[in-house]
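Notes follow once the structure below has been shown.
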Amino acid sequence: MVSKKVLLPEGVQDLLIDDCIYRRKIENKLMETFNQLGYMEVSTPTLEYYNLFSYDYLLKNSDKMFKLIDTKGSLLVLRPDCTIPIARMVATKMKDFVYPLKLCYIQNVFRIDEEQAGKKREYRQAGVELFGIDSYQADVEVIITAIESLKELGLEDFQIEIGQIKLIKELISKLNLSEEDEEKLFYYIENKNFIDLDKMVTSINIDEDDLEVLIKIPKLFGSPNMVFETLQQMPIKDNLKAAVEDLQNVCKMVEQYGYGEYISVDLGLVSRMGYYTGIIFKGYTKDLGEVLCSGGRYDKLLEDFGVTCSATGFAFVVNKITKALKIQEKLEQIKQKHILIVDNLQQQEETIKLLKTFRKKGYIVEISLLDKEEEIMEYSQKRRVNEIWRLNRVGEPTVTILEEWKDGNC
Amino acid sequence: METVKIGLTKGRLAEDAINLLSKCGINCSSLKEKNRKLVFDIPENQIQVILLKAVDVTTYVEHGVVDIGIVGKDVLLEQEKQLYEIVDLKFGKCKISVAGKENFSEVSKKHLRVATKYPNIAKNYFVNKGQSVEIIKHEGSVELAPLMGLTDVIVDIVETGNTLKANGLVIYEDIADISARLVVNKVSYKTKKNELAKIIEAITKVID
């Protein structure tokens, strides 16, 4: 049992000093950007009822939720997702608010991943949700929010990849497959498993045009122009044209914003979360083989709570962004000038006076709690103290400069 | 052009994979030397090859530490990873099957004991059949398990069937066909699109 005293459960971690500095800096910047774009912060509880989540969601995710039982025997879960609780909040408490309703959050989510391999079970998501607008302008708005947030953080070389889940959902729903086969088909498309996808679609009853589209869709990704040009030569049925047009409009408008270099299209993009109904997107950077953010439109989710309201949004995975920024060397620590006061005369009054003048300047000021000279020096070096002020004679402090402090530098 | 990192499964699959890469015009001479190196730079083709244990190939690809991996379908079936499975390389062919003693008559026993290196594949297979099972994870010569009475059956890779035969075991059912697959990291596939497309195209041509 000793090991349980010193080890952490799988998938959680301690954040030491620097990690906390970076996290706070990144999260503050993200929240600032969200606020400037008109989003208002909300927060939902860490515990929710298990029954909050729909049958479909639970079918796929219930194994991945941390469950608890409260004193009355009700089943609770640790927040496994931010969007569903916020949808609940909007449907039950903010129905009569003015729309479009733009909300944002930074919260922890808890998920059990069966296969660990370094995957976190607790991590922070920073995201936005935009309620009440069903046109593509809202999709553009949240994509722009993602791009501007990443730019504000100083991240370079990132891509937001946009897809249209409606296209795939409609193609597949027409095939009248069993739930299990549908699931498989989504899985093959999501994982660009061309081998099994080909095998499966050629074995089912499907009209020739749809077959061609279904096989080609996962292979269609890259710059919007290239994708849409290829798409034009494909036999897209009329019922799918609106979905394609939506996607085209989104790309066009993002380009008009001047952010064309940051977007690409993947028609085979499928999202794990079943609640998406339209434009979906994911963000990543070349330097990190993992997804930084994902989101999309979920027009039907609020119906679970008895309200009809279209919505779209996305979430950043904060620690993935930290990782990417670290790789790109965009994380710098700005350290304030750090002063240590050593009061050898027990001159409380004078010490406090000195302390207050430094505090006013915004410096980090500490009164030394150590007496021995070597301890003071060791502490100062390890904490990177810039100056030591010693009160040896009344009114005449002696100053030792350990490290020249330059404004804004670390 | 950026360097493409390729993870290969050590052992027999690596030999086939290296042959394949050579046929694609990649200079694999350093890979063919017998030594204990694990990382090989091939600057003339802007490629880096890394030799890994099969289960690690998928992990490295999933996390984007390597861009491409060559790994058996058995590994992909056993652990669902977030990656793209793009090409069937058509070598390393074998089957994953249920096998046991020749005269065993209780295959549809109420509670079957199964020894396997592939607990997830075995579990999924029997769950779908509605068969209740107890899975015993078994490393190394799985054939021993039914012989020594540890379990009723085994779920394992069968290539020629010689090992089974030599130990008096027979195949009851096949679960899946296995062959080597080309897997790609989801982000690299987009961010190194041109570099990867070139390699994937060359590979597809060779195997067709």
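The values are calculated or read from the model by the stated rules, or taken from the named source; none is laboratory data. Since the model is a prediction, treat every value here as computed from it, not as a measurement. Every residue, glycine as well, gets a Cβ built from its backbone with ideal geometry; the counts of neighbours run over all protein chains shown.
Scan segment A:10-46 for residues that are of a type in the set (D, E, K, R) and in contact with a strand residue (DSSP E or B) (Cβ under 6 Å, 6 or more places away or on another chain) and jot them down.
Of everything in segment A:10-46, those that are of a type in the set (D, E, K, R) and in contact with a strand residue (DSSP E or B) (Cβ under 6 Å, 6 or more places away or on another chain) turn out to be A:GLU27, A:GLU41.
When you go through A:GLY306, A:GLY278 one by one, which is the residue that is on the phi > 0 side of the Ramachandran plot and either in contact with a helix residue (DSSP H, G or I) (Cβ under 7 Å, 6 or more places away or on another chain) or not charged (D, E, K, R) (or both)?
Result: A:GLY306 is the single residue among A:GLY306, A:GLY278 that is on the phi > 0 side of the Ramachandran plot and either in contact with a helix residue (DSSP H, G or I) (Cβ under 7 Å, 6 or more places away or on another chain) or not charged (D, E, K, R) (or both).
Consider A:LYS119 against the criteria (1) within 14 Å of another protein chain (Cβ to nearest Cβ); (2) under 17 Å from A:ALA315 (Cα atoms): it satisfies all of them except one. Which criterion is unmet?
Condition not satisfied by A:LYS119: (2).
From the list A:ILE339, A:ILE321, which one is hydrophobic (A, V, I, L, M, F, W, C) and under 30 Å from B:LYS193 (Cα atoms)?
A:ILE321
Listed here are the residues, each with its yes/no results for (1) within 14 Å of chain B (Cβ to nearest Cβ); (2) not in a loop (DSSP other than H, G, I, E, B).
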| position | (1), (2) |
| --- | --- |
| A:VAL291 | yes, yes |
| A:SER294 | yes, yes |
| A:ASP304 | no, yes |
| A:THR308 | no, no |
| A:ALA315 | no, yes |
| A:ALA324 | yes, yes |
| A:ILE334 | no, no |
| A:ILE341 | no, yes |
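Taking interchain pairs and intrachain pairs at least six residues apart, which have beta carbon atoms under 8 angstrom, with the first residue in segment B:101-118 and in the same structural domain as B:ILE157 (by TED's automatic domain parsing) and closer than 23 Å to B:SER141 by Cβ and the second at pLDDT 70 or above and aromatic (Phe, Trp, Tyr)?
Listed pairs, sorted by first residue: B:VAL107/B:TYR172; B:LEU112/B:PHE126; B:VAL114/B:PHE126.
Given the conditions (1) surrounded by 14 or more Cβ atoms within 10 Å (Cβ to Cβ); (2) touching a strand residue (DSSP E or B) at 6+ places or on another chain (Cβ under 9 Å); (3) within 14 Å of another protein chain (Cβ to nearest Cβ), report the number of the one that A:ILE215 does not fulfil.
All conditions pass for A:ILE215, except number (2).
Kindly indicate whether any position in segment A:288-306 is among the small types (Gly, Ala, Ser) and free of Cβ contacts under 8 Å to residues at least 24 places away in the same chain.
Yes, because at least one residue in segment A:288-306 is among the small types (Gly, Ala, Ser) and free of Cβ contacts under 8 Å to residues at least 24 places away in the same chain.
Considering only segment A:1-113, give the helices (runs of 4 or more DSSP H) lying wholly within it that have at least 2 residues that are closer than 29 Å to A:SER149 by Cβ.
It comes to A:17-36, A:55-61, A:83-93.
Return the residues of segment B:58-74 that are more than 12 Å from chain A (Cβ to nearest Cβ) and either among the aliphatic types (A, V, I, L, M) or without any contact (Cβ under 8 Å) to a residue 12 or more places away in the chain (or both); say none if nothing qualifies.
B:ILE70, B:VAL71
Against the definition (closer than 28 Å to A:ILE162 by Cβ, assigned by TED's automatic domain parsing to the domain that holds A:CYS104 and out of contact with any strand residue (DSSP E or B) (no Cβ under 8 Å at 6 or more places or on another chain)), how does A:VAL318 come out, yes or no?
no
Which fully enclosed helices (runs of 4 or more DSSP H) of segment A:124-203 have 3 or more residues being free of Cβ contacts under 8 Å to residues at least 12 places away in the same chain and more than 18 Å from the chain's Cα centre (by Cα)?
A:179-190, A:194-203
If you scan segment A:253-265, which residues turn out to be more than 18 Å from the chain's Cα centre (by Cα), within 14 Å of chain B (Cβ to nearest Cβ) and either among the acidic types (Asp, Glu) or not in a strand (DSSP E or B) (or both)?
The answer is A:GLU261, and nothing else.
Just wondering, is there one or more residues in segment A:266-279 that are in a strand (DSSP E or B) and either away from chain B (no Cβ under 14 Å) or surrounded by 16 or more Cβ atoms within 10 Å (Cβ to Cβ) (or both)?
Yes, some residue in segment A:266-279 is in a strand (DSSP E or B) and either away from chain B (no Cβ under 14 Å) or surrounded by 16 or more Cβ atoms within 10 Å (Cβ to Cβ) (or both).
Residues of segment B:176-195 being away from chain A (no Cβ under 11 Å) and buried (at least 20 other Cβ atoms within 10 Å of the Cβ), which ones?
Answer for segment B:176-195, where residues must be away from chain A (no Cβ under 11 Å) and buried (at least 20 other Cβ atoms within 10 Å of the Cβ): B:ILE178, B:ALA180.
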